[in-house]
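*Asks:* I'd like to ask you about the structure that follows.
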Amino acid sequence: MELRTLRYFLAVAQAKTISAAAEALHVTQPTLSRQMQELEEELGKTLFLRGKRSITLTEEGTFFRKRAQEVVSLLEKTTAELKAPDELLSGDIHIGGGGETDAIRLIARAARRMRQDHPHVTFHIFSGNAEDVMEKIDRDLVDFGLFIEPVDLSGYEFFRLPVKDRWGVLVPEDHPLAAKGGAAPQDLLGEPLLLSGRELIRQELAGWFGEAYGAIQVAAEYNLILNAANMVKNGVGLALCFDLDCVASGLRFVPLSPTLETGTVLAWKKDQTGSPAAEEFLRQLRNTGEAFLNEEKKYSTF
């Protein structure tokens, strides 16, 4: 199977018609149709449902599109790294975010400093759950993954970032909890709650609730805090989440009491040499982390 065939397939999947894909690829319709038929014959699977006006993917076609995109992305990433001039640090750095965390501040600071020194480096940020990010690390589709603890990283190298996320509950500003300095477990009993869908996170919250965890009312699960904020705003329930300093208008973040904090780690594939750009970014991030700790110590003395 040739790489060109994969590109042809992806173009058809995106355009949803042979004619539009052929025009974008600058090939004839008969040529493209024959290529897709030969691809289906080679795989022994039907990839397309051919209608009168458009083409849709079968279940096998949807799966194949995901894998084809990964193959093409990996080749483009590798080619860009090899073509980068030796005397000029350039290339692409791919970072997968396995959750929304305030630790992205450190990633952003390191990226800014690196771009100042090496303006030909481009960053690509991918957001997904922890399992998605791990899969992309394993397939060499991202250089680094940003994970919220607890997380099993036994198969990866990692760097623990010197910043912790504080847990709290997101409530409407007219809710009785909004006037309190902290929310205790008993304050949340009887309230419809929105929780993270990650099992390890749920276990951590269960430890904070203690015996009261069995009595909580779960109204919904979420994986993006902005979606959860909209659900809180529209009366679905109260969201247990991190303080990301991006609360929507009309809402208030109330920290949990007793305090519950979570760490964040940056992980990458074990026993693998990264691109020069990725190695330099890791060095910049470590320096940024040390500078952050020094700032925290300085202000804590006042």
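The values are calculated or read from the model by the stated rules, or taken from the named source; none is laboratory data. Bear in mind the structure is a predicted one, so any value in this text is a computation, not a measurement. Here the Cβ positions follow ideal geometry from the backbone for every residue, glycine too, while neighbour counts run over all protein chains shown. Only protein heavy atoms, including side chains, enter the accessible area calculation; ligands, DNA and RNA are left aside. Shrake-Rupley method; radii C 1.70, N 1.55, O 1.52, S 1.80 Å.
*Asks:* With the crude spin-label approximation of a point 7 Å out along Cα→Cβ, what separation in nm comes out for residue 117 versus residue 221?
*Replies:* Result for the modelled spin labels: 4.2 nm.
*Asks:* What aspartates and glutamates could a cross-link reach from residue 136, if we take a straight Cα to Cα line under 12 Å and drop same-chain neighbours fewer than 8 places away?
*Replies:* Partners found: 70.
*Asks:* Considering the values (i) 28; (ii) 19; (iii) 34, which represents percent of Cα pairs over 37 Å apart as calculated for the structure under consideration?
*Replies:* Recomputing percent of Cα pairs over 37 Å apart here gives the entry labelled (iii).
*Asks:* While we're looking at this one, here's another question. Run the simple label-point estimate for residue 272 and residue 74 please: 7 Å along Cα→C-beta, distance reported in nm.
*Replies:* 0.9
*Asks:* Another question about this same structure. For the chain, calculate the relative contact order in percent as a whole number, restricting contacts to Cα pairs under 8 Å that are 6 or more residues apart.
*Replies:* Result for the chain is 20 percent.
*Asks:* Mind listing the long-range amide H neighbours of residue 252? Cut-off is under 5 Å, sequence gap 5 or more, other chains count too, H placed in the peptide plane at 1.01 Å from N.
*Replies:* 171, 173
*Asks:* Right, something else. Cross-link partners among aspartates and glutamates for residue 270, C-alpha distance below 15 Å, same-chain residues fewer than 8 apart left out?
*Replies:* 135, 138, 140, 143, 152, 157, 279
*Asks:* If you don't mind, there's one more thing I want to ask. What is the calculated FRET efficiency for residue 259 to residue 200, with r their C-beta to C-beta distance and R₀ = 30 Å, to the nearest 0.05?
*Replies:* 0.95
*Asks:* May I pose another question? At 222 nm, what value in deg cm²/dmol follows for the chain if DSSP H runs of at least 4 each add -39500 (n - 2.57) and the sum is divided by all its residues, to the nearest 500?
*Replies:* Mean residue ellipticity at 222 nm (helix-derived): -14000 deg cm²/dmol.
*Asks:* Amide H of residue 184: which non-local residues (sequence gap of 5 or more, or other chain) have their own amide H closer than 5 Å, using H built in the peptide plane?
*Replies:* The list, which skips near neighbours in sequence, is 257.
*Asks:* Using a Cα distance threshold of under 22 Å, what count of lysine pairs results for the stretch 1-81 when pairs must be 8 or more residues apart or interchain?
*Replies:* Qualifying lysine pairs in the stretch 1-81: 5.
*Asks:* Here is a follow-up. Quick one: 3J(HN,Hα) in Hz for the stretch 265-278, Karplus 6.51/-1.76/1.60 with θ = phi - 60°, rounded, Gly and Pro as x.
*Replies:* 10, 9, 10, 8, 5, 6, 6, 9, 7, x, 5, x, 5, 5
*Asks:* Can you work out ³J(HN,Hα) from phi for every residue in the stretch 131-139, in order, using Karplus 6.51 cos²θ - 1.76 cosθ + 1.60 and θ = phi - 60°, giving whole Hz and x for Gly and Pro?
*Replies:* With coefficients 6.51, -1.76 and 1.60, one gets 5, 4, 5, 4, 4, 5, 5, 4, 8 Hz.
*Asks:* For residue 19, what is the net charge nearby, where nearby means another residue's Cβ is under 14 Å from its Cβ and Lys, Arg count +1, Asp, Glu -1?
*Replies:* Computed value for this residue: +3.
*Asks:* On to the next question. Roughly what % of DSSP beta bridges within the chain run antiparallel, to the nearest 5?
*Replies:* Restricted to the chain, the bridges split so that about 55 percent are antiparallel.
*Asks:* Please work out the average accessible area per residue across the chain, using the 1.4 Å probe convention, and give it in Å².
*Replies:* Value for the chain: 55 Å² per residue.
*Asks:* Run the accessible area of the chain with a 1.4 Å probe and give the carbon-and-sulfur part as a rounded percent.
*Replies:* So the carbon and sulfur contribution to the accessible surface is 50 percent.
*Asks:* Still on this structure: Suppose R0 equals 25 Å. What FRET efficiency, 1/(1 + (r/R0)^6) with r the Cβ-Cβ distance, do residue 233 and residue 179 give to the nearest 0.05?
*Replies:* Rounded to the nearest 0.05, the efficiency is 0.85.
*Asks:* Fully extended, how many nm does the chain gain between residue 66 and residue 23 (0.36 nm per residue separation, minus their Cα-Cα distance)?
*Replies:* That works out to 13.2 nm of additional length.
*Asks:* Another question, if that's okay. Take the chain, mark every one of the GluC sites (Glu not before Pro) that falls in a DSSP loop and has at most 16 other Cβ within 10 Å, then report the longest stretch left between them, sites excluded.
*Replies:* With GluC sites (Glu not before Pro) excluded where exposed in loops, the chain gives 174-302 as its longest stretch.
*Asks:* If Lys and Arg each add +1 and Asp and Glu each add -1, what is the summed charge of the other residues whose beta carbon sits under 12 Å from the beta carbon of residue 108?
*Replies:* +4
*Asks:* Nearest 5 is fine: what % of DSSP beta bridges in the stretch 118-245 come out antiparallel, could you say?
*Replies:* 35
*Asks:* Whole-Hz ³J(HN,Hα) for each residue in the stretch 22-28, computed from phi via Karplus 6.51 cos²θ - 1.76 cosθ + 1.60 with θ = phi - 60°, x for glycine and proline: what do you get?
*Replies:* 5, 5, 5, 8, 6, 10, 7
*Asks:* Starting from the amide H of residue 163, placed 1.01 Å from N in the peptide plane, find each other amide H under 5 Å away whose residue is 5 or more places distant or on another chain.
*Replies:* Distant-sequence amide H within range of residue 163: 264.
*Asks:* Once you place label points 7 Å from the Cα toward the Cβ at residue 38 and residue 82, how far apart are they in nm?
*Replies:* Distance between label points: 2.4 nm.
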